[in-house]
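See structure below.
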């Protein structure tokens, strides 16, 4: 009986030591080691070479082992002219927050192939000048304006991020956007939401291509 008690005590001590070691390893794994900050090259290109869009988007993520909490901020302004001279324009800011999970577990450079999710929210204003034709009164112009509108949506994300040189990284994020919530109580129904896109369908796709700089964080004991 004494021998059995000694073995049980020894096993208990070993299990306790192993659990403490495992916990300490797990804690070290989830200490942030770096922050990446980047800009969306697609937004810059559309602003530079397009005629109907101006915008800018930044992204920040934090390295927590395989998990990367991510926040993206942006602003955009769009304007369109139809064939009959009617116009539509919107302007606003947006943000997305979520997490990406890296599936390249053993890469020493921590290159990423990831799957993730986001919650997005936008605040914007829009206006439309409509040229209508009436068989009796002829052409007339109608102006509709919405201010301080909000919208929200969800995203599923996938993509890659790779180290190019030292602290410089490149990567893209493909987005499947769904579950949009709009304020449709206005006289002018929203046609486009900054950060989300056109609203004529229940779901839509998006794409961002980022140039990033990785900033190492001080190592903690």
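The values are calculated or read from the model by the stated rules, or taken from the named source; none is laboratory data. Keep in mind that what you see is a predicted model, and the values were worked out from it rather than measured. Neighbour counts are summed over all protein chains in view; Cβ atoms, including those assigned to glycine, are modelled from backbone coordinates with ideal geometry.
Does residue 148 satisfy the condition of being in contact with a strand residue (DSSP E or B) (Cβ under 8 Å, 6 or more places away or on another chain), without any contact (Cβ under 8 Å) to a residue 60 or more places away in the chain, assigned by TED's automatic domain parsing to the domain that holds residue 94 and assigned to a loop (DSSP other than H, G, I, E, B)?
So residue 148 fails the test.
Any idea which of 131, 99 is in a strand (DSSP E or B), at pLDDT below 95 and in contact with a strand residue (DSSP E or B) (Cβ under 6 Å, 6 or more places away or on another chain)?
131
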From 141, 173, residue being in the same structural domain as residue 41 (by TED's automatic domain parsing), over 16 Å from residue 40 (Cα atoms) and assigned to a strand (DSSP E or B): 141
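Hey, any hits in segment 109-116 for a residue that's free of Cβ contacts under 8 Å to residues at least 40 places away in the same chain and within 28 Å of residue 76 (Cα to Cα)? Show your work before the answer.
Step one: list which residues in segment 109-116 are free of Cβ contacts under 8 Å to residues at least 40 places away in the same chain, which gives none.
No, segment 109-116 contains no residue that is free of Cβ contacts under 8 Å to residues at least 40 places away in the same chain and within 28 Å of residue 76 (Cα to Cα).
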Condition check for residue 45: at pLDDT 95 or above, under 31 Å from the mean Cα position of the chain (by Cα), exposed (fewer than 15 other Cβ atoms within 10 Å of the Cβ) and not in a strand (DSSP E or B): yes
Selection within segment 78-105 - surrounded by fewer than 16 Cβ atoms within 10 Å (Cβ to Cβ) and under 15 Å from residue 196 (Cβ atoms): 93, 97
Residue within segment 61-79 that is free of Cβ contacts under 8 Å to residues at least 24 places away in the same chain and either in contact with a strand residue (DSSP E or B) (Cβ under 9 Å, 6 or more places away or on another chain) or at positive phi (or both) present: yes
Residues that are part of a loop (DSSP other than H, G, I, E, B) and either under 23 Å from residue 122 (Cβ atoms) or over 18 Å from the mean Cα position of the chain (by Cα) (or both), drawn from segment 48-78: 50, 51, 52, 65
Among the candidates 207, 178, residue that is touching a helix residue (DSSP H, G or I) at 6+ places or on another chain (Cβ under 7 Å), closer than 30 Å to residue 62 by Cα and either surrounded by fewer than 16 Cβ atoms within 10 Å (Cβ to Cβ) or modelled with pLDDT under 95 (or both): 207
